[in-house]
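Here is the structure we will look at.
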Amino acid sequence: MTDVIVAGAGPTGMMLAGELALAGVDVRVVERRATAELLGMRARGFHSRTIEILDQRGIADRFLAEGQTVSAASFANARVDVGDLPTRHPYTLGLVQSRVEEILAGWIEELGVPVLRGREVVGFAQDADGVELRLADGAPMRARYLVAADGGRSTIRKAAGIGFPGWEATRSTLIAEVEATEETPKGMRVDATGIHGLTLMADGRTTQVLVTEQQLGPATEPTLADLSNALIAVYGTDFGVHSPTTISRFSDATRQADAYRAGRVLLAGDAAHVHGPTGGQGIGLGVEDAVNLGWKLAQVVRGVAPDSLLDTYQAERHPATARVLKYTMAMSVTQRADPRVDALADVVADLMSVDAARTRMAALHLGLDVRYGAEGVGHPLLGRRMPDLDLTTAQGPLRMFTLLHEARPVLLGLGEPGSVTAGAWRDRVRSVDARYEGAWELPVLGPVPAPAAVLVRPDGHVAWVGDGTDAGLDEALARWFGPAPAPQA
Ligand SMILES: Cc1cc2nc3c(=O)[nH]c(=O)nc-3n(C[C@H](O)[C@H](O)[C@H](O)COP(=O)(O)OP(=O)(O)OC[C@H]3O[C@@H](n4cnc5c(N)ncnc54)[C@H](O)[C@@H]3O)c2cc1C
C-alpha cells in the first residue's frame, strides 16, 4: 500500500509531494488534468516567504532565474516599500503559475515522485488502516493517508463532509484569453464596479481580458456572451471578442475549512481555504501548508511520531491563514474607484508613511511575520521563521538555509562546540556547531537577543531556543520529533 496519495498536482500538491519524498515517504500524486498544461490564467507571482521556503530546499534560484522581482507592494493604492525587510529575498517574484508548476513538476520528478495524470478522485472510504480512493476510471487505489490538494472546489473536502464556512462573494470578475477584431485600450481601468483591463499578448493576436461583472455572476462556467456583456457595460463595446481559448470567473468569496483533517484525510492549499486573488497570497499559503504538513506526516507514516502530531498542522496553519484571508478581504474592498475608497486610500497612505506601520503591513504581505504558538511566550524567535544566517562552521562558511535542503530538523549550536547535542534524537536531528557574528533581526520585531542554540524544524520554524543550557530541549525534541528512541542494547 502506498504511504501517501496527494490528490492534485497544483503548487500545493507538488510542494507537499516533494517534502514527503525528501523525507523518504512513498508518495504519489493523482491529478485530474490529462496533461501538465494549465488552462486559464492564474497566479502571476508570490512573495518573500514562499521564495525563502523554496530557498530552504535549494530550488529558489530555478524560479528567480525566470521571473522579475519587485521590492514594493501596494495596499489601497498606497505603495508599500518592502526592500528593507530583513530577509535575503525582500521582494515579490513575478512569474506565471504555469511556469511555477512546470518548475515544481521538474523538481518532484528528480525526487522520483510518480504523477498519475488523467486520474480524477471522485470519492473515498477510510478504515482503521488506510484510505480507499474512488477514481473516475474505476481503478482501485489505496494509501495509508490521503491529502486533498485538489483546489477550492475540492471533491475530497466535500466527500469528507468538512464544513467550509466564510463569506459569500460580493463581486465576480471574468478573466479570458480571446481574439478581438477592434483595437483595445491600453492599461487598467478602475471604476465603481472594480478593475478592468485588456492586454495584447506578445503573439500580437491574443488579448488577455480582465473585467469585473456588473452583477455577481453564477458559479457556472462563464460564456463568451457573458464576457461580451461585461465588456460592453464597462467600455461600451466588446471589441469584437471571439475565439476564446479560456474564459473563467473568480470572485472574492472567502472561506476556510473548519477542520483540516478527517482521520486519515488531510486538506492543504485552496482545498482548505479560498479567497480573492488580490494581493497574490494563494500559492504562498499552499506552499506553507505543504511544508508544515510534510515533515509531520512523514514522521507519523514512519511510526516515529504519534498520530497526534498531525493535529498541530491545523492548530498552526488555520489561525495563520485566517489572518491572511482577512487581509485579502480588506485589500479587495479597495479595488474600486469610489469616493469612500479614495478616502480610505488616503488614510492608509498616511499610515504607511509611519515606518512601524509600513514594515508591519509589508511583513504580513510578504508572509514573513508568521508565528506558530502563543505570542509573547519565550524567546522572540520561538515559533517564527529562522533567518537565513551566514554561518561559519568547521567546514567553512554556510548559509542556514543550506542546512535545511534535506528537509531534516537542525539543532544549531552557536556557543562552545559540542555544548548542545540532539542526544537520543541524533539519528533524527542533525546537530551543527557554528559561529555567527552578525545581528539577529526579525521582520516587525527588529533586533532580538542572540540565542546560544536553536532547534529548527524542517519547515524553517524555530522549535526551541537555548540560553546556554539545554533546559527544555528534550521536551521540544520529543514534542516535534517523536519520543526518544530506546537506547540500543
Ligand atoms: C485569476 C487568479 C489570479 C491569481 N493570482 C495569484 C497570484 O498572483 N499569486 C498567488 O499566489 N496566487 C494567485 N492566485 C491563487 C492561486 O492560483 C491558487 O491559490 C493556487 O493555485 C492554489 O494552489 P493549489 O495547488 O492549492 O490548488 P490548485 O492550483 O487549484 O490545484 C488543484 C489541482 O488539483 C486538481 N484536481 C482538482 N480536482 C481533482 C480531483 N477530484 N482529482 C484529482 N485532481 C484534482 C486540479 O486539476 C489542479 O491541478 C490566483 C487565482 C486566480 C483565480
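Derivation of every value follows stated rules applied to the coordinates shown; laboratory data play no part. These numbers come from a predicted model, not from an experiment. We place every Cβ from the backbone using ideal geometry, glycine too, and count neighbours over all the protein chains shown.
Antiparallel as a % of all DSSP beta bridges within the chain, to the nearest 5? Don't jump to the answer; show the numbers that get you there.
Working: 62 of 81 bridges.
In the chain, approximately 75 percent of DSSP beta bridges are antiparallel ones.
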Note to self: Can you give me the C-alpha center-to-center distance between the range 246-285 and the range 307-374, rounded to a whole angstrom?
What the structure shows: 16 Å
Margin query: Treating only the Cβ of Lys, Arg, Asp and Glu as charged (+1, +1, -1, -1), what charge dipole size does the range 390-481 show about its Cα centre? Round to the nearest 20 debye.
Written below: 280 debye
Next item on the list: Pop the C-beta distance of THR393 and ASP350 into the FRET formula with R0 = 51 Å and round what comes out to the nearest 0.05.
Entry: 0.60
Next item on the list: Within the range 446-478, which residues have the backbone N less than 13 Å from the label spot 7 Å out from ARG430 along Cα→beta-carbon, could you tell me?
Entry: 456-460
Note to self: Of GLY240, ALA143, GLY166, which is farthest towards the positive pole of the chain's charge dipole, taken about the Cα centre with +1 and -1 on the beta-carbons of Lys, Arg and Asp, Glu respectively?
What the structure shows: ALA143
Next item on the list: Can you pull the one-decimal nm distance between simple spin-label points at GLU37 and LEU111, each 7 Å off the Cα toward Cβ?
Entry: 2.8 nm
Check: Can you give the Rg and Dmax of the chain based on its C-alpha atoms, in angstrom?
Finding: 23.5, 83
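How high is the relative contact order of the chain? Use alpha-carbon pairs under 8 Å, at least six apart in sequence, and give a whole percent.
On the way: 1010 pairs, mean separation 85.1, N = 489.
Averaging sequence separation for qualifying contacts and normalising by length gives 17 percent for the chain.
Dipole of the range 1-65, Cα-centred, from +1 at each Lys and Arg C-beta and -1 at each Asp and Glu C-beta, to the nearest 20 debye?
Charge dipole, the range 1-65, about its Cα centre: 300 debye, nearest 20.
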Check: Among the lysines, which have Cα under 29 Å from the Cα of LYS296 when same-chain residues fewer than 8 positions away are ignored?
Finding: LYS158, LYS326
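Given a Förster radius of 56 Å and the C-beta distance between SER248 and VAL377 as r, what FRET efficiency does 1/(1 + (r/R0)^6) yield to the nearest 0.05? Mind showing how you got there, number by number?
On the way: r = 44 Å, r/R0 = 0.79.
Here the calculated transfer efficiency is 0.80.
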Item checked: Helical mean residue ellipticity (222 nm; -39500 (n - 2.57) per DSSP H run of 4+; nearest 500) of the chain -> -8500 deg cm²/dmol
Next item on the list: Express in whole angstrom the spacing between the alpha-carbon centres of the range 462-483 and the range 387-426.
Entry: 15 Å
Notebook entry, point to check: How far is the Cα center of the range 1-73 from the Cα center of the range 105-153, in Å?
Noted result: 17 Å
Item checked: Degrees between helix 97-110 axis and first principal axis of the chain (Cα, 0 to 90, nearest 10) -> 30 degrees
Checklist line | Residues listed by number, the range 144-176, amide nitrogen under 17 Å from ASP338 label point at 7 Å toward C-beta | finding: 168-173
Check: Using +1 on the beta carbon of Lys and Arg, -1 on that of Asp and Glu, and nothing else charged, what's the dipole of the chain about the Cα centre, debye to 20?
Finding: 600 debye
Margin query: Output the 0 to 90 degree angle, nearest 10, between the alpha-carbon long axis of helix 311-333 and the longest principal axis computed from the alpha carbons of the chain.
Written below: 30 degrees
Next item on the list: Order these peptides, 280-290, 125-135, by their mean beta-carbon neighbour count within 10 angstrom, highest first.
Entry: 280-290, 125-135
